[in-house]
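Some notes on the structure that comes next.
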Amino acid sequence: MSEVGRVSEVGRGGAEAGRSTSEEPWPVRVVSQKIGAWIARLGWVWVDGQVAQISRRPGATTVFLTLRDPSADLSLTVTTNRDVLDAGAPELREGARVVLHAKPEFYAARGTLSLRADEIRQVGLGELLARLEKLKKLLAAEGLFDRARKRRPPFLPGRIGLITGRASAAERDVLTNARRRWPAVEFRTVNVAVQGPSAVPQIVDALKALDTDPSIDVIIIARGGGSIEDLLPFSDEALCRAVFACRTPVVSAIGHETDAPLLDYVADVRASTPTDAAKRIVPDLTEEVRLIGQARSRLERAVRNLVDREQHRLDLLRSRPVLARPQVMVDQRGADVAALRDRAGRCLEHRLGGAADDLRHTLARLRALSPAATLDRGYAIVQRPDGHVLRAASEVAKGDPLRVRLAEGELTATVAG
């Protein structure tokens, strides 16, 4: 088994000691020696970090630095020679970003890991901007700046999460302007460090705490203005990814209008200042009341115009004769019926008159042709007893009885010859 494998087995030995005694346990010093030997194989490396503390002892040639990872709650002790520090970064201050060439060392006596540096370079502004631009392109390529994924904050959030420095001007601006615009707005404020090596871990922790709070509708990350170095935590990759992973809409209100940390591109809403963030997130009560009044006025005018228009239509309908005087239709139909009745009466009377005239003419003709009229003129009708009318004397013989009809009455006679 290699020494690295032996070290790994020692790391798991605490959990497996009760199960296997086939291998003799190692003393602590041996484990420390093995770890130190494995770390020594790493050789010299370049390390990037932020200076959290500088310790220069008077008269001592050794300088101790505490180097912190800007993206994690992790730090290492760095030892270097005063001449190395003065040569590479003579004006080094706490909070500065440095790159150093160092060799990891493990102190077996104390069980600590440190770095021994032989070259220290303070990261300049140009190099910082170049790194930020490279990170910006990387995050953009991964879709962290995509506008399609940005969420719109609610019109009137019930509760707002605020991440900012303690008793800072940014906190005062956000709270004051938000409450001036909407007095009933509620805040949950989390105070964090907004610059320095501990800023990013604290902001990320606060962001996670607010994102898991179901009462928070929107989160504001606010800080006042500052130099590029002061605003460097808000361009940290870990913070950008934490904001991207949030389920709650995040508003970035960092610095002034000209400041543009990477957080502005990842956040759902970018506010130019903390005051602008309050205006973007909370509606103005006075303005909303005014808009509601205008909307009500427009609604009243619209309803009034609609009622007037419909009233005018009703008036036009009511002014029509069929509705203004509905009996006119009945009267007209009554007049039509009367006219038809009169015409039918006249027609019937005319027909009856014509029929009466025809009847009189026919009666006159009948009377003129009637045998009774002939009898009235002095003629008589001679008939045999069987009713046969005699037209010639040869139709009877002597002694035959005859019947003579006169205009008035009749006679019986006998043929004498």
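Within the stretch 227-258, if we keep just the residues that are part of a loop (DSSP other than H, G, I, E, B) and out of contact with any strand residue (DSSP E or B) (no Cβ under 9 Å at 6 or more places or on another chain), the residue that is nearest to residue 141 (Cα to Cα) turns out to be 236. For residue 221, the conditions (1) in a helix (DSSP H, G or I); (2) buried (at least 23 other Cβ atoms within 10 Å of the Cβ); (3) of a type in the set (Val, Ile, Thr) all hold with the exception of (1). Among the numbered conditions (1) farther than 26 Å from residue 68 by Cβ; (2) outside any loop (DSSP other than H, G, I, E, B); (3) out of contact with any strand residue (DSSP E or B) (no Cβ under 9 Å at 6 or more places or on another chain), the only one that residue 214 does not meet is (2). Kindly establish whether residue 215 is among the hydroxyl-bearing types (Ser, Thr, Tyr) and either touching a Gly at 6+ places or on another chain (Cβ under 6 Å) or over 21 Å from residue 262 (Cα atoms) (or both). Criteria met by residue 215. It is to be established whether one or more residues within the stretch 133-155 are closer than 17 Å to residue 261 by Cβ, touching a residue at least 12 places away in the same chain (Cβ under 8 Å) and not hydrophobic (A, V, I, L, M, F, W, C). Yes, some residue in the stretch 133-155 is closer than 17 Å to residue 261 by Cβ, touching a residue at least 12 places away in the same chain (Cβ under 8 Å) and not hydrophobic (A, V, I, L, M, F, W, C).
Each row is one residue, and each column tells you yes or no for (1) of a type in the set (S, T, N, Q); (2) surrounded by 13 or more Cβ atoms within 10 Å (Cβ to Cβ); (3) modelled with pLDDT of 85 or more; (4) assigned to a strand (DSSP E or B).
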| site | (1), (2), (3), (4) |
| --- | --- |
| 11 | no, no, no, no |
| 21 | yes, no, no, no |
| 25 | no, no, no, no |
| 37 | no, yes, no, no |
| 46 | no, no, yes, yes |
| 54 | no, yes, yes, yes |
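Annotation: residue 242 fulfils all but one of (1) out of contact with any Ser or Thr (no Cβ under 8 Å at 6 or more places or on another chain); (2) surrounded by fewer than 19 Cβ atoms within 10 Å (Cβ to Cβ); (3) within 28 Å of residue 123 (Cβ to Cβ); (4) touching a residue at least 24 places away in the same chain (Cβ under 8 Å); the unmet one is (2). Across the stretch 157-190, the number of residues qualifying as within 22 Å of residue 211 (Cα to Cα) and either out of contact with any Leu (no Cβ under 9 Å at 6 or more places or on another chain) or assigned to a helix (DSSP H, G or I) (or both) comes to 13. When 115, 125, 129 are checked against the criterion of being within 27 Å of residue 199 (Cβ to Cβ) and modelled with pLDDT of 80 or more, 115 stands alone in meeting it.
In the stretch 157-173, the qualifying residues are those that are crowded, with 16+ Cβ neighbours inside 10 Å and farther than 24 Å from residue 245 by Cα, and the one that is farthest from the chain's Cα centre (by Cα) is 168.
Listed by first and then second residue, the pairs with beta-carbon distance under 6 Å, at least 6 apart or on different chains, first residue in the stretch 261-278 and at positive phi, second assigned to a helix (DSSP H, G or I) and among the aromatic types (Phe, Trp, Tyr), form an empty list. Selection within the stretch 115-156: residues that are touching a Phe, Trp or Tyr at 6+ places or on another chain (Cβ under 7 Å) and not in a helix (DSSP H, G or I). The member of this set that is least open to solvent (accessible area, probe 1.4 Å) is 144. Within the stretch 183-205, the set of residues being in contact with a strand residue (DSSP E or B) (Cβ under 8 Å, 6 or more places away or on another chain), under 28 Å from residue 97 (Cα atoms) and either acidic (Asp, Glu) or buried (at least 21 other Cβ atoms within 10 Å of the Cβ) (or both) comprises 192, 194, 197, 203.
The values are calculated or read from the model by the stated rules, or taken from the named source; none is laboratory data. As the structure is a computational prediction, the values presented were derived from the model and not from experiment. We place every Cβ from the backbone using ideal geometry, glycine too, and count neighbours over all the protein chains shown. What goes into the accessible areas is simple: the full protein's heavy atoms, side chains included, and nothing from ligands, DNA or RNA. Shrake-Rupley method; radii C 1.70, N 1.55, O 1.52, S 1.80 Å.
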